[in-house]
Amino acid sequence: MEKKKTITKKILLLMGVIALTIAGTTVYNFASWFSPKKTEVDVSDVSSSNVQSALFIHQNTDGTDDGFDELISLMSENGLAFYKKNNSDGFIAKDDVVLLKINSQWDQRGGTNVDLVQSVIEAIIAHPEGFSGEIVIADNGQDQFGSHNNGGSMDWGKPNAADQSTSMQELANSYTNTNVSTYLWDTITTKKVNEYDTGDMADGFVLYDNPDEDTNITVSYPKFRTKFGTKISFKHGIWDEDQKSYDNDRLKVINMPVLKTHMIYGVTAAVKGYMGVPSEKLSRNAHSTVGIGSMGTLMVETRVPVLNIMDAIYINANTGRGAQGPSTNYEEATFAQTVLVSTDPVALDYYAAGNLLYPAIKDNGDSLSLKHQRDSIEVGSFGYWLSLTMNELHKGGYESVMDEEKMNVYHVD
């Protein structure tokens with residue numbers, strides 16, 4: 001009975017949003033989001049890079065344990081160092097500003113797991129050379145839709161956590177000896193600004209003048225000052241007011257999506273989750289162009305994450321109307337107890353869909369439709385737009401694969 005009430009509530013919420021759109025209250029053509037987009041690119045000509053993408057997987061973790069530390073060890077054993085040291089390469093240096101790009105738009109199991117975020121923060125702070133940098137938990141819930149129909153939150157009353165009284169904001173506040181803060185970009189998503197080097201010090205979003213020729217996205221990205229006074233351009237890095245220049249290398253973005261079905265795009269994870277970077281209110285076409293590869297364009301034009309840490313501890317493996325993602329209530333989630341890590345967001349999404357999401361959907365008694373299919377190149381399928389995303393990454397000089405034979409998959413024992 002309780003689940004039926006939940007599904008009815010979600011359907012009514014969706015109907016309410018559509019009704020508002022039709023009434024003209026919402027400025028976006030929401031209905032167009034449901035229409036599959038087609039590009040001039042011949043997807044059949046798009047193929048994986050001639051490289052091996054590495055994936056690191058822990059299938060027995062809930063975020064409260066040592067699971068992420070064990071993943072760091074597994075990565076190191078296989079030539080991928082989490083820590084950058086004076087005499088060796090790695091992802092995170094002792095004085096970096098690390099931006100943890102989470103999913104904040106949904107409460108309960110729809111948002112990034114707080115315990116996993118804490119594990120990543122603790123790992124950063126434990127840098128062998130001593131961490132003197134800064135950590136920012138950030139996302140743009142777009143100031144629309146979401147669990148309360150008003151965008152994202154860092155302080156959900158029902159967070160995705162073992163202790164359901166601990167939100168992202170409370171997690172950040174718990175650190176008194178390390179600079180850890182949150183920034184909900186919803187609060188600046190309607191503010192168009194210029195870059196720091198033009199003399200504009202205001203927080204907001206920088207907007208490109210024209211849409212991309214291939215994916216039609218008008219790129220936008222956040223520029224903001226943290227609680228501790230650090231000025232960050234998502235594209236250019238850390239602004240040094242004294243030197244009047246950017247330090248691009250000091251800003252490290254770690255992408256932390258949740259694995260879920262998606263009512264429009266079939267699957268949302270590392271790629272689709274990057275919709276939390278641009279401003280839909282300013283770009284006006286970011287979400288509607290995901291289906292022709294625009295998140296790949298966005299990554300290339302702004303910043304590709306140094307690492308993607310996929311939260312598959314709880315996943316949405318429902319495809320039925322009313323229970324499918326991206327929103328995910330506690331009772332609708334599947335406990336998959338898995339975390340996956342890779343530098344390749346496309347490979348991560350392709351693998352996770354086929355090896356985690358699809359079996360769980362089957363176990364739930366649901367079925368896959370065209371929009372969920374990773375191996376289809378038909379317009380409207382997950383495989384179609386993931387291929388186009390991969391194509392955009394290739395054009396930008398980033399290697400990416402959609403072929404499990406080109407993936408080295410490592411598991412924590």
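The values are calculated or read from the model by the stated rules, or taken from the named source; none is laboratory data. Given the structure is predicted, the values throughout are model-derived calculations rather than measurements. Heads up, the Cβs are rebuilt from the backbone with ideal geometry, glycines too, and the neighbour counts pull from every protein chain shown.
Here residue 218 clears all of (1) farther than 24 Å from residue 172 by Cα; (2) among the hydroxyl-bearing types (Ser, Thr, Tyr); (3) surrounded by 22 or more Cβ atoms within 10 Å (Cβ to Cβ) except the condition numbered (3). Answer yes if at least one residue in the range 280-292 is surrounded by 22 or more Cβ atoms within 10 Å (Cβ to Cβ), within 30 Å of residue 69 (Cα to Cα) and out of contact with any Lys or Arg (no Cβ under 7 Å at 6 or more places or on another chain), and no otherwise. Scanning the range 280-292 turns up no residue that is surrounded by 22 or more Cβ atoms within 10 Å (Cβ to Cβ), within 30 Å of residue 69 (Cα to Cα) and out of contact with any Lys or Arg (no Cβ under 7 Å at 6 or more places or on another chain).
Looking at (1) of a type in the set (Val, Ile, Thr); (2) farther than 16 Å from residue 364 by Cβ; (3) surrounded by 22 or more Cβ atoms within 10 Å (Cβ to Cβ), can you tell me which one residue 306 breaks? Only one criterion is unmet by residue 306, namely (3).
The residues in the range 371-399 that are in a loop (DSSP other than H, G, I, E, B) and within 16 Å of residue 44 (Cα to Cα) can be counted, and the count is 9. Filtering the range 124-132 for residues that are β-branched (Val, Ile, Thr) and without any contact (Cβ under 8 Å) to a residue 40 or more places away in the chain leaves a non-empty set. Filtering the range 296-306 for residues that are touching a residue at least 40 places away in the same chain (Cβ under 8 Å), within 27 Å of residue 65 (Cα to Cα) and of a type in the set (Asp, Glu) leaves an empty set. Of the candidates 90, 63, 79, the single residue that is among the small types (Gly, Ala, Ser), in contact (Cβ under 8 Å) with a residue 60 or more places away in the chain, in a loop (DSSP other than H, G, I, E, B) and farther than 20 Å from residue 234 by Cβ is 63.
Conditions (1) modelled with pLDDT of 95 or more; (2) of a type in the set (A, V, I, L, M, F, W, C), marked per residue:
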| site | (1), (2) |
| --- | --- |
| 273 | yes, no |
| 277 | yes, yes |
| 280 | yes, no |
| 284 | no, no |
| 294 | yes, no |
| 298 | yes, yes |
| 302 | yes, no |
| 318 | yes, no |
| 333 | yes, yes |
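Within the range 167-212, the set of residues being in a helix (DSSP H, G or I) and either surrounded by fewer than 18 Cβ atoms within 10 Å (Cβ to Cβ) or of a type in the set (S, T, N, Q) (or both) comprises 169, 170, 173, 187, 197, 198.
Is one or more of the residues making up the range 353-365 within 18 Å of the chain's Cα centre (by Cα), crowded, with 22+ Cβ neighbours inside 10 Å and more than 23 Å from residue 74 (Cβ to Cβ)? The answer is no; no qualifying residue exists. Would you mind stating whether residue 284 is assigned by TED's automatic domain parsing to the domain that holds residue 57, of a type outside the set (Gly, Ala, Ser) and within 17 Å of residue 207 (Cβ to Cβ)? Taking the combined requirement at face value, the residue satisfies it.
In the range 260-281, the residues that are under 19 Å from residue 373 (Cβ atoms) form no Cβ pair under 6 Å with any partner that is of a type in the set (Gly, Ala, Ser) and assigned to a strand (DSSP E or B), whether six or more places apart or across chains.
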